[in-house]
Amino acid sequence: MKTVTLTMTNPPELYLEGQNITPDAFAGKTAAEIAAIDVWEGKLKSPLGKYFTVEGNGGATAAETRIILRGDCSRLKRVGQQMTAGEIVIEGDADMYIGGWMKGGKIHVKGNVDSFCGLAMEGGELIIDGKAGHHLGSSPRGEWRGMQGGLIRVAGSAGNDTATFMNGGTIIIGGDADIHVSTHAEGGTVIIKGNAKGRVGGQMVKGDIYVFGQIENPLPGFKQVGEVEQEVDGVKARFIHYIGDLGERHPVSKGKPVYGNIYTRI
Amino acid sequence: MSELLIKNGFVFDPLQGIRGDRMDIAVKDGRIVETSALQHPETIDASGMTVMAGGIDIHSHVVGPKVNVGRLFRPEDKLFKSPLKRCNRMEMGFSVPSTFKAGYDYARMGYVFVNEAAMPPLHSPHVHEEIRDTPIIDNAAMPVFGNNWFTLEYLKNHEIENNAAYTAWLLRATRGFAIKVVNPGGTEAWGWGLNCENVHDPVPYFEITPAEIIAGLIETNEHLGLPHSVHLHCNNLGNPGNYTDTLDSLKLAEGYTPKNNFGREQVLHATHLQFHSYGGDSWGNFESRAPDVIDYVNSHDNITIDIGQVTLDETTTMTADGPFEHHLRALNNLKWANTDVELETAAGVVPYIYSPKVKVCTIQWAVGLELALLSKDLMRTFVSTDHPNAGPFIRYPRVITWLMSRAARDATMKTFKWLERTIDATSIDGIDRELDLYEIAQMTRAGPAKALGISNTYGGLAPGMDADIAIYALNPENMPENPEEIEKALSRCACLLKDGVVTVRDGEVLTEPPKRTVWVDVKVPENAQVQRDIYEHFLRYYSVNLGNYSLFEEHLFNPRVIEVDTTQ
Ligand SMILES: [Zn+2]
């Protein structure tokens, strides 16, 4: 593993589009070559070196490349977009679209992130020590094929519209979630350790949602069917089990309809 | 004075019967001229290459409100597909491209004329605004008549002269080109949650059948002598077993002969026939009935068709056939847009994935190709994908490659999950026919131009015609072994001249010569009754004022008017 350290020394006046800050783009490049990679501030294209000092060369492949981002990256978007392997560590806050369309590898953000992070994720891990904005692990605008796989773990709270059109993978939120969780989901698992505000599982076809706290305003399309004991993210607990959304179509497997499941901790 | 000489190309012009002869084409001031008329021409060396007239698309949904609904509700259609500004204007989208991309992509393929397949009359200003914004290619747009209250009321009483006067008025009000009919009666029935599933299924509240609408509009069209014929999207699109309804629709043209001064020989154009040539009575036993349908077309020369070829892409369906889109939404559970256009029509939009893993999709793929390959008259059988319904128009080069190469068809069929069942349900595997470039020129230039009644200007290379000329890096004496090379050559033409201006070179758009809007202005005798009917309908039913309905002159971009005078 080789480490490339980017230190923000000349922060952008607008926001910086950093979709080229990935192990895939850095692999096989020297520090000087990495400093020449394109980033965009608004519509103006500049070399990465205009904003960052670059230390260290990339590894031979993405999997052998680690990127560490230092300095104020709170106006930096799209880091790790579409990455397939390797590692990114952001030592503070970052802006929107971190880890969007990620296929593999790992991103660790030590601060907070804004909206659209882990969008349409297919694989890999996105770890956020702070809180996340809206549309965490959601589908891109208009798209009905949302998160397919991978893990998103947020230590703090998440905004609204988490996991829209989720098809697979796992999202774990340490704090609370705002409205709209797993809307239109057809698979995947969302675990909320705190409370959920409401509209949880609206138009959900399939998939699982665990809420350790309360759902402030549960939807009428879910029906209580019993109690279960399960181990969820290392915690063994009893949950009330609801199925739904009964207003939505549901596939039939082995003669039985498949529903979305909501579990709330007793 | 600009003079150009395209030297030594293999020229294909079915309108003049030129079959790949090595010859020069001369251009002067935007028109094709005799070579002797040139004095000091610039030359374009076309040796070893194919020279044809610019392509003509008889049926494509590229401009207007429902196309724009598709653009708006499918932002994912642009995702990661729109990174570049290659030309003057930004390009974006795949199945529902931006207006700019549509114009550039048609030009890159060597096309110069595109007939917008469905214009909701009430929204004609939007259609014309998008025509203005679609660079390079000339556009016409067909207002829809098949569910229009005026049309239904006149034809119920067989008032052909009144319907003709109304038609002439609406063509002028919308700056329209021809009579389009979509699911006659069925779209009006959709206002009540119903449909007309065959040509004898009566339209609720109008006491008329689709058969009477179709026949009445054919009579109206020939009474007026319009350049194009009635352009029909038959009832019961897309359903198993619909080929009998299609044959019933086509039979309505029997006994009618074309009356016009534009060289048109058909009275009915049946569009995207692929969607209308199905057997079986469920998705389980869904099968091709293309041979039955094309046999009928082969033996009735007053009908033309376009195929509506499925391209096996993720695309966006959009049609004035409102009930069909609702039906499709229930099949694939994807998002759906639906709208009613008061007194006139409706529309629906649903994304659709034609997957090589789905049996119905691969049978549909075969049906379109069967129609073309079993056709006995390619001057009456045209290439289309009903863009974007069966696939985006940028796949025309691929469709043509399938038509020209059995190996290309076989290579595609190898990707099918249900290959055996597709072969069993269609005749595609028994067809070895490979079309040549002359036949392709018939299906993409000469044929559609003639059927649209514009073959005095477009679709050929005779002196006096517009100098719209496409040159492809294809040598008919030495065609590439690899069919993908054919597709590549047709996707990015070596050169396109639009009105004599070198517009595309090696697949790159160089310049944007001014495009035109082609419309048909019909002079009819004064008709006090129709004028009163229009006045009263606007007073009683429309939510807009009659004075605000007709297209304002400033919406019309660079018009080319085709005049028809029925008063003499
Ligand atoms: Zn169409």
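The values are calculated or read from the model by the stated rules, or taken from the named source; none is laboratory data. Here the structure is a predicted model, which is why all the values come from computation and not from measurement. Every residue, glycine among them, receives a Cβ derived from its backbone with ideal geometry; neighbour counts consider all protein chains shown. Note: areas computed on protein heavy atoms with side chains; ligands, DNA, RNA excluded. Shrake-Rupley method; radii C 1.70, N 1.55, O 1.52, S 1.80 Å.
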statement: In the set A:Arg145, A:Arg153, the lone residue that is under 30 Å from A:Ser253 (Cα atoms) and open to solvent by 30 Å² or more (accessible area, probe 1.4 Å) is A:Arg145
- line: Of the listed residues (B:Ile218, B:Ile208), the one being in contact (Cβ under 8 Å) with a residue 24 or more places away in the chain and in contact with a helix residue (DSSP H, G or I) (Cβ under 6 Å, 6 or more places away or on another chain) is B:Ile208
task: Might you check whether a residue that is touching a strand residue (DSSP E or B) at 6+ places or on another chain (Cβ under 9 Å), open to solvent by 10 Å² or more (accessible area, probe 1.4 Å), over 20 Å from B:Asp429 (Cβ atoms) and within 16 Å of the ligand (Cβ to nearest atom) occurs anywhere in segment B:351-363?
output: yes
task: Go through segment B:103-116 and give me each residue that's touching a Ser or Thr at 6+ places or on another chain (Cβ under 6 Å) and either open to solvent by 20 Å² or more (accessible area, probe 1.4 Å) or within 15 Å of the ligand (Cβ to nearest atom) (or both).
output: B:Val114
task: Can you work out which of the residues in segment A:208-266 that are in contact with an Asp or Glu (Cβ under 8 Å, 6 or more places away or on another chain) and open to solvent by 80 Å² or more (accessible area, probe 1.4 Å) is modelled with the lowest pLDDT?
output: A:Ile266
query: Given B:Ala408, B:Ala449, which one is touching a Leu at 6+ places or on another chain (Cβ under 9 Å) and open to solvent by less than 30 Å² (accessible area, probe 1.4 Å)?
result: B:Ala449
task: Could you please give the count of residues in segment B:231-253 that are within 16 Å of the ligand (Cβ to nearest atom) and either free of Cβ contacts under 8 Å to residues at least 40 places away in the same chain or in contact with a helix residue (DSSP H, G or I) (Cβ under 8 Å, 6 or more places away or on another chain) (or both)?
output: 9
- request: Within segment B:72-97, count every residue that is open to solvent by less than 20 Å² (accessible area, probe 1.4 Å) and small (Gly, Ala, Ser).
  value: 2
query: Could you list, in sequence order, the residues of segment B:208-229 that are within 13 Å of B:Ser249 (Cβ to Cβ) and assigned to a helix (DSSP H, G or I)?
result: B:Pro210, B:Ala211, B:Glu212, B:Ile213, B:Ile214, B:Ala215, B:Leu217, B:Ile218
query: Out of B:Leu371, B:Leu403, which single residue is within 16 Å of the ligand (Cβ to nearest atom) and touching a Leu at 6+ places or on another chain (Cβ under 6 Å)?
result: B:Leu371
field: In segment B:27-80, residue nearest to B:Pro121 (Cα to Cα) [restricted to those that are within 14 Å of another protein chain (Cβ to nearest Cβ) and not in a loop (DSSP other than H, G, I, E, B)]
entry: B:Val69
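With within 14 Å of chain B (Cβ to nearest Cβ) and outside any strand (DSSP E or B) as the only criterion, which of A:Asn160, A:Asn167 stands out?
A:Asn167
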- request: Quick one: which strands (runs of 3 or more DSSP E) lie wholly within segment A:21-136 and hold at least 1 residues that are in contact with a helix residue (DSSP H, G or I) (Cβ under 8 Å, 6 or more places away or on another chain) and in contact (Cβ under 8 Å) with a residue 40 or more places away in the chain?
  value: A:52-55, A:65-70, A:87-90
query: If you go through segment B:318-335 one residue at a time, do you hit one that is farther than 30 Å from B:Glu188 by Cβ and in contact (Cβ under 8 Å) with a residue 24 or more places away in the chain?
result: no
task: With respect to B:Arg505, determine if the residue is out of contact with any Ser or Thr (no Cβ under 9 Å at 6 or more places or on another chain) and either of a type in the set (Phe, Trp, Tyr) or over 28 Å from B:Ile179 (Cα atoms) (or both).
output: yes
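Matching residues to (1) open to solvent by less than 70 Å² (accessible area, probe 1.4 Å); (2) within 23 Å of the chain's Cα centre (by Cα):
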residue: A:Gly28; (1), (2): yes, no
residue: A:Ala32; (1), (2): no, no
residue: A:Gly42; (1), (2): yes, no
residue: A:Gly58; (1), (2): yes, no
residue: A:Ile67; (1), (2): yes, yes
residue: A:Gly105; (1), (2): yes, yes
task: Scan B:His228, B:His276, B:His272 and give me the residue that is in contact with an Asp or Glu (Cβ under 7 Å, 6 or more places away or on another chain) and either under 26 Å from B:Asn139 (Cβ atoms) or among the β-branched types (Val, Ile, Thr) (or both).
output: B:His272
- line: Of those in segment A:127-142 that are among the small types (Gly, Ala, Ser) and farther than 17 Å from A:Thr189 by Cβ, the residue nearest to the other protein chains (Cβ to nearest Cβ) is A:Gly142
query: Quick one: would you say B:Tyr256 is within 21 Å of the chain's Cα centre (by Cα), crowded, with 18+ Cβ neighbours inside 10 Å, more than 22 Å from B:Leu15 (Cβ to Cβ) and away from the ligand (no atom under 16 Å from the Cβ)?
result: no
message: I'd like to know if segment B:125-133 contains one or more residues that are away from the ligand (no atom under 16 Å from the Cβ) and in a loop (DSSP other than H, G, I, E, B).
response: yes
- request: Run down A:Asp233, A:Asp178, A:Asp208, A:Asp245 and say which single residue is of a type in the set (D, E, K, R) and on the phi > 0 side of the Ramachandran plot.
  value: A:Asp233
message: Residues that are within 16 Å of the ligand (Cβ to nearest atom) and at pLDDT 95 or above: does segment B:415-424 have at least one?
response: no
statement: Taking segment B:263-278 and keeping only residues that are buried (at least 19 other Cβ atoms within 10 Å of the Cβ) and away from the ligand (no atom under 16 Å from the Cβ), one is left with B:Arg264, B:Gln266, B:Val267, B:Tyr278
query: Only one of (1) in contact with a strand residue (DSSP E or B) (Cβ under 8 Å, 6 or more places away or on another chain); (2) surrounded by fewer than 24 Cβ atoms within 10 Å (Cβ to Cβ); (3) under 22 Å from B:Pro514 (Cα atoms) fails for B:His126. Which number is that?
result: (1)
